[in-house]
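Structure first, then comments.
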Amino acid sequence: MSLDAPYIARAAKPGQFVQIRCNDSFEPLLRRPFSIHRVKGEGSRVKDIEILYEVVGKGTEILAGKKEGDFIDVLGPLGNGFILPRTTNHERRTTNSEPRAIIIAGGIGAAPLVYLAEELTKKKIKTIILIGAKTKNLILCEKDFKKATPEVYISTDDGTYGSQGFVSKLFHKILKTTESKFETIVYVCGPHGMLKCIVDICQERKFECHASLEEKMACGIGVCLGCAVKTKSGIKLACKDGPVFNASELIW
Amino acid sequence: MMKVKIGKIKLKNPVMTASGTFGYAKEFEKLVNLKHIGAIITKTITLNPRQGNPMPRICEASAGMLNAIGLQNEGIDNFLKEKMPYLSKIGAPIIVSISGNNIDEFFILARRLDKIKSISGIELNISCPNINCEGLVAQDTKETYEVVKAVRKITDKTIITKLSPNVTDIVGIAKAAENAGSDAVSLVNTFLGMAIDIDTRKPKLGNITGGLSGPCIKPIALRMVYEASKNINIPVIGIGGIMNANDAIEFMIAGATAIQVGTANFIKPGVCGKIVKGIEAYLKKHKIEKIEDIIGNLKI
Ligand SMILES: Cc1cc2nc3c(=O)[nH]c(=O)nc-3n(C[C@H](O)[C@H](O)[C@H](O)COP(=O)(O)OP(=O)(O)OC[C@H]3O[C@@H](n4cnc5c(N)ncnc54)[C@H](O)[C@@H]3O)c2cc1C
Ligand SMILES: Cc1cc2nc3c(=O)[nH]c(=O)nc-3n(C[C@H](O)[C@H](O)[C@H](O)COP(=O)(O)O)c2cc1C
Ligand code: FES
């Protein structure tokens, strides 16, 4: 879904999200959070944002019924967004090695990662993308990812497309076959179980890993304290301190 | 035209923010003109920091929401150091909500807040349903009386006692607060409720039960405000599912001197300002000079 929202589009960073009021009634009552999937346009002509969503309940059903020209109430951009490799330069252990980004998308978790892939390629950072899903027709954004980088690998749980198995298996395989002269940073978004697997692999390999989390949200602006996330430095909020967290900070 | 008075606090309008739904105001600085709000009530603080309840802490209900946050807060020391400097500069009366595990904790909290000039009042949250203790203070007339009395002894600041709707006799509790010297009562806090995921058969909240708020509770809250205000002589502050100016006016006609907006802040962050404007428009339309003229002015 594409939204004409110039203010949000200009202020947005990859990994941030918006809170959408699906309709004006009390059913559903709360806003629904969606990642900013892409920002369209260049420079001062940037004005549209896109969201990519899966219909799972009341709110998303209503969104699916919207027509071109309809107005909807959108609050954003919210949250912190992904930290791109350049800005973490000073933290790098071996400063002389080149950065390499590995993006791992699980199912609808692809939504925030296309925008990230586009920004990474703009910054000329070598990027590898892994997409995983249950089955072939749930593999999302393959074309968009391929526009950003040629190195796109796919796996499905049932083997109907790409290699068979979880995306974590594919991740293992890719790590074995690619060179390791790079300073690797992993960006991951997807279902809870998959996040955990990927984060564990990253910890073993001592890769910096940034995970985008989904928590139930009410306000989206850090006041209701509904979206708590346990971290090593205490309780944090997914909407304000996240949704992207450095995986080494998280307590699972 | 819109002025009302709660205890010693003069409000430029009757619209306040409900505790726990407006953070410590700074979060809303870009979304609302904070100066135009009648009074700001901050998230309940406790003596020591509290981690709050396990996740998930919120879920949606029909025309409402359930929450079981569990009074997560950083404790009074951090509040005074980190939040108070900003709050002092806003230019709207600041009312600090406090809660304690026992009378002593309420007393200590109130004694510390009493010394701070920029705090206009204290709201006693004796009605949070999400903390793990046997019954609420606000479910017992004697305990309500004692907590309010203890705080009254230590401060001359305006005291608002926040009542729970999870009682059989709201009037009895409201009277206990009045007799102990409370300047006003605010009601209601959330209704105890729960929700279950039928596929997993698990409760939808980590705490199993939680507090129900939002439009679905309005008729019950309105009835309770009506009953309480008829039977006590201190101001009643109406809370419960207020989403717009019409809802706010309804509560005032039922007997509320002021109102608090809760869940609506999550859905429309600018709603408090809109409610103020809407009440003004209503007064003009009906040629009512002072808002006081509608308070409790129910035609039966
Ligand atoms: C920061 C963030 C970014 C997100 N980005 C996207 C995105 O880009 N695309 C997308 O399709 N979805 C995204 N989600 C999930 C999306 O918010 C939910 O799918 C949506 O709120 C469901 O609304 P509903 O009314 O259709 O479903 P409901 O009827 O409310 O619920 C249906 C199902 O969705 C789950 N759900 C409800 N609310 C949330 C929530 N806030 N987070 C996770 N699950 C929820 C429920 O547990 C239930 O199983 C994101 C969530 C967060 C927190
Ligand atoms: C997420 C959430 C957190 C809350 N936290 C507090 C709190 O810390 N202290 C308190 O007195 N009330 C708290 N409340 C209750 C509200 O202040 C208010 O009494 C209640 O939500 C009913 O009003 P509403 O229907 O307008 O939301 C909270 C409510 C919600 C929804
Ligand atoms: S959603 Fe309300 S604090 Fe994060």
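We did not get these values from a lab; they are worked out from the coordinates using the rules stated. Given the structure is predicted, the values throughout are model-derived calculations rather than measurements. Note: ideal-geometry Cβ built from the backbone for every residue, glycine included; neighbour counts use all protein chains shown.
Summing Lys, Arg as +1 and Asp, Glu as -1, what charge do residues with Cβ under 10 Å from the Cβ of residue A:247 carry, residue A:247 excluded?
Details: positive: A:196; negative: A:200, A:208, A:249.
Summing Lys/Arg as +1 and Asp/Glu as -1 gives -2.
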| So how far apart, in nm, are the two label points at residue A:126 and residue B:246 if each is 7 Å from Cα heading toward Cβ? | 6.3 nm
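Treat every Asp and Glu Cβ in segment B:1-40 as -1 and every Lys and Arg Cβ as +1, leave all other atoms uncharged, and give the resulting dipole magnitude about the Cα centre to the nearest 20 debye. Write out the running numbers ahead of the final one.
Details: 8 positive and 2 negative charges, 61 e Å.
About 300 debye.
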| task | Take peptides B:237-249, A:38-50, A:130-142 and line them up by average Cβ neighbours within 10 Å, highest first, as a rough protection proxy. | result | B:237-249, A:130-142, A:38-50
| task | Using the number of other C-beta atoms within 10 angstrom as an exposure proxy, rank A:213, A:30 with the fewest first. | result | A:213, A:30
| remark: Contour minus Cα-Cα span, residue A:157 to residue A:55, at 0.36 nm per residue, comes to 34.6 nm
| request: Determine which residues of segment A:123-142 fall in the zone a paramagnetic label at residue A:98 would reach in this model, i.e. backbone nitrogen under 16 Å from the point 7 Å along Cα→Cβ. | output: A:123-129
| query | Which of A:25, B:224, A:44 sits closest to the plus end of the dipole of the protein assembly as shown, meaning its Cα is farthest towards the positive end, when Lys and Arg get +1 and Asp and Glu get -1 on the C-beta? | reply | A:44
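What is the local net charge at residue B:161, summed over the other residues whose Cβ is closer than 15 Å to its Cβ (Lys, Arg +1; Asp, Glu -1)?
Charge balance in the 15 Å sphere: +1.
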| request: Apply 1/(1 + (r/R0)^6) to the Cβ-Cβ distance of residue A:142 and residue B:35, taking R0 = 56 Å, and write down the FRET efficiency to the nearest 0.05. | output: 0.65
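Rounded to the nearest 5, what % of the DSSP beta bridges within chain A are antiparallel ones? Working shown, then result.
Details: 22 of 48 bridges.
Bridges in chain A are about 45 percent antiparallel.
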| field | FRET efficiency estimate (nearest 0.05) - Cβ-Cβ, residue B:10 to residue A:176, R0 56 angstrom | value | 0.20
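Could you list the square roots of 5 times each eigenvalue of the Cα gyration tensor of segment A:2-78, that is, the equivalent ellipsoid semi-axes, sorted largest first and rounded to whole Å?
Semi-axes from the Cα gyration tensor: 22, 12, 11 Å.
Mind checking A:224-233 for the average number of partner chain beta-carbons within 10 Å of each residue's beta-carbon? Could the numbers behind the result be given before it?
Working: counts 14, 13, 12, 4, 11, 1, 3, 0, 0, 0.
Rounded to a whole number, the mean comes out at 6.
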| query | Charges only on Cβ, +1 for Lys and Arg, -1 for Asp and Glu: so what's the dipole of segment A:2-78 about the Cα centre, in debye to the nearest 20? | reply | 280 debye
| said: As an exercise, identify the trypsin sites (Lys or Arg not before Pro) in segment B:201-292 lying in DSSP coil whose Cβ has no more than 14 other Cβ atoms within 10 Å. | reply: B:201, B:287, B:290
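If you take every DSSP beta bridge fully contained in chain B, what fraction is antiparallel? Give it as a percent rounded to 5. If you can, show how the numbers build up before the last one.
Values: 17 of 43 bridges.
In chain B, approximately 40 percent of DSSP beta bridges are antiparallel ones.
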| message | Residues of segment B:52-79 with backbone nitrogen within less than 14 Å of a virtual label 7 Å along the Cα-to-Cβ line of residue A:27, please, listed as ranges. | response | B:61-64
| Cα centroid separation - segment A:105-159 against segment A:176-252, whole Å | 18 Å
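Report the convex hull volume per residue for segment B:88-188, counting only C-alpha atoms, in Å³.
Working: hull volume 9.7 nm³, N = 101.
Given the Cα convex hull of segment B:88-188, per-residue volume reads 96 Å³.
Find, to one decimal place in angstroms, the Kirkwood hydrodynamic radius of chain A, where the mean of 1/r is taken over every pair of different Cα atoms and then inverted. Please report the intermediate quantities before stating the final value.
Details: mean 1/r = 0.0534 Å⁻¹.
About 18.7 Å, per the Kirkwood formula over Cα pairs.
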| query | What FRET efficiency do you get for residue B:89 and residue B:274 if R0 is 25 Å and r is their Cβ-Cβ distance, rounded to the nearest 0.05? | reply | 0.55
